[in-house]
Amino acid sequence: MKMWKESQLRQILEAKEVKPAYEISLMLAQDLGFNFCAFSITSPAVLLNHDTVSFNNYPVDWNTAYEHDHFGDTDPILAHCNHSELPILWEDELFSKVPQLRQVQKQQGLQYGWSQSIHDSGLRSMFSLARSNSPISADEWYAHLAYAILINRHLHGLVAKKLDHRQVTAFTPRLSTREIEIMKLSADGKTAYECSKILSISERTINHHVQNFIRKFGVNNKIAAVIKAVRVGAI
């Protein structure tokens, strides 16, 4: 048993895209005794317009009801995972204020499960395993928790890596050769006067270029512009 678990984990960790990594994760989850496996990740960044990347094999009726009845607004598991990285079991008392949600959940075979989240790189992810029969014992939970955390962290990382690439592309303004030169000198701590001497142009012209790249990066001063340029790889 240990060998096939390690083999599937290795395949998950070697996957370079989130969808195939999730599909292998689903197979591992089912081999561990769970009918359902879900992964979702959300970014509050304007870049993604609050989009959510989501994969699950939940019943279609459950996904439809969850969206139609706005269960996400009152789901205690989602609320917990949005604020904590501690794993949480799907226990009846957690749903005491939303019995309808719990009732529909059980009707769809999502009776026993647990979820855990990761908050990193400006993203919040949630990974869940669930099944329709037999409660999850403490021993089973602890035995499988490490797998869930490892899988979630890898899936989270794959999305974060792709987002980082998109952010660099989206937030790198078009800079002139002269602006790049001045930003590099500014990053080295050079003043406008020192830049003017090095580049053999007037200090007034230096300040003109400085104001241009401050405006392009949408910040308030030269230091902030230089920091942002370094972060996105512009210099």
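Observations on the model:
- Going by neighbour counts of Cβ atoms within 10 Å, the residues Y112, Y193 line up, fewest first, as Y193, Y112.
- Here r is the Cβ-Cβ distance between L199 and R231 and R0 is 41 Å; the resulting FRET efficiency, rounded to 0.05, is 0.95.
- Sparsely packed loop sites in the range 8-106 (the trypsin sites (Lys or Arg not before Pro) outside DSSP H, G, I, E and B with at most 14 other Cβ atoms within 10 Å) comprise K16, K97.
- For the range 19-29, Karplus couplings with θ = phi - 60° (6.51, -1.76, 1.60), whole Hz, Gly/Pro x: 5, x, 5, 5, 4, 5, 4, 4, 5, 5, 4
- Using the Cβ-Cβ distance between A79 and K16 with R0 set to 45 Å, the FRET efficiency from 1/(1 + (r/R0)^6) comes to roughly 0.90.
- Acute angle (nearest 10 degrees) that the helix 222-231 long axis makes with the longest principal axis of the chain, alpha-carbon atoms: 50
- Translational diffusion of the range 192-235, estimated by Stokes-Einstein from the Kirkwood radius over alpha carbon pairs at 25 °C in a medium of 0.890 mPa s, is 227 µm² per second.
- Cβ-defined net charge surrounding I227, 15 Å radius [Lys, Arg +1; Asp, Glu -1]: +4
- Computed over the Cα atoms of the range 2-169, the ratio of the radius of gyration to the Kirkwood radius (Rg/Rh) comes to 0.95.
- Net +/- balance of residues flanking Y66 in space, Cβ distance below 13 Å, scoring K and R +1, D and E -1: -4
- Listed by Cβ neighbour count within 10 Å, with the fewest neighbours leading, H80, H119, H70 appear as H70, H119, H80.
All of the numbers you see were taken from the coordinates with simple rules; none came from a lab. This is a predicted model, so every value here is computed, not measured. For neighbour counting, all protein chains shown are included, and Cβ atoms are generated from backbone atoms with ideal geometry for every residue, glycine included.
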